[in-house]
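Asker: Attaching a single structure in structure tokens format; questions to follow.
Values quoted throughout were computed directly from the atomic coordinates according to the rules given, and no laboratory measurement underlies them. Since we're looking at a predicted model, the values are computed, not measured. Note that each Cβ is placed from the backbone with ideal geometry, even for glycine, and that neighbours are counted across all protein chains shown.
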Amino acid sequence: MMYEIHFKPMALKALLKMPRNQALIIRTKIDALKEDPYAKNNNVKKLKEVEGYRLRIGDWRVIYHINDKALKILVIKIASRGEVYK
């Protein structure tokens, strides 16, 4: 079963503002989550302080929540490593 991906407005805005080549790489990695949002080989880790997961893509981080019952992934935030946890 495939998950649906949804973006919070703040995450979508960050994706649209970054350089096109970087946005394409990040979007490709996010799309890969549709098949297995928990995949360890995709640099995915469960967050400790808050509910959700972190996807690492070079110096960029994607924070997201998974709704297994509805098969949906909500991308909360996309930012550089230094900014994402603020």
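Asker: Within the set of pairs 6+ apart or on separate chains, which have a first residue in region 33-44 that is under 11 Å from Ile73 (Cα atoms), a second that is of a type outside the set (Phe, Trp, Tyr), and C-beta atoms under 6 Å apart?
Answerer: Leu33/Ile73; Lys34/Met2; Pro37/Ile66; Pro37/Ile73
Asker: Look through region 55-72, keep the residues that are surrounded by 18 or more Cβ atoms within 10 Å (Cβ to Cβ) and of a type outside the set (A, V, I, L, M), and return whichever of them is farthest from Phe7 (Cα to Cα).
Answerer: Among them, the one singled out is Trp60.
Asker: Just to verify a result, which residue in region 4-22, among those that are of a type in the set (A, V, I, L, M), over 10 Å from the mean Cα position of the chain (by Cα) and surrounded by 16 or more Cβ atoms within 10 Å (Cβ to Cβ), is farthest from Val62 (Cα to Cα)?
Answerer: Met18
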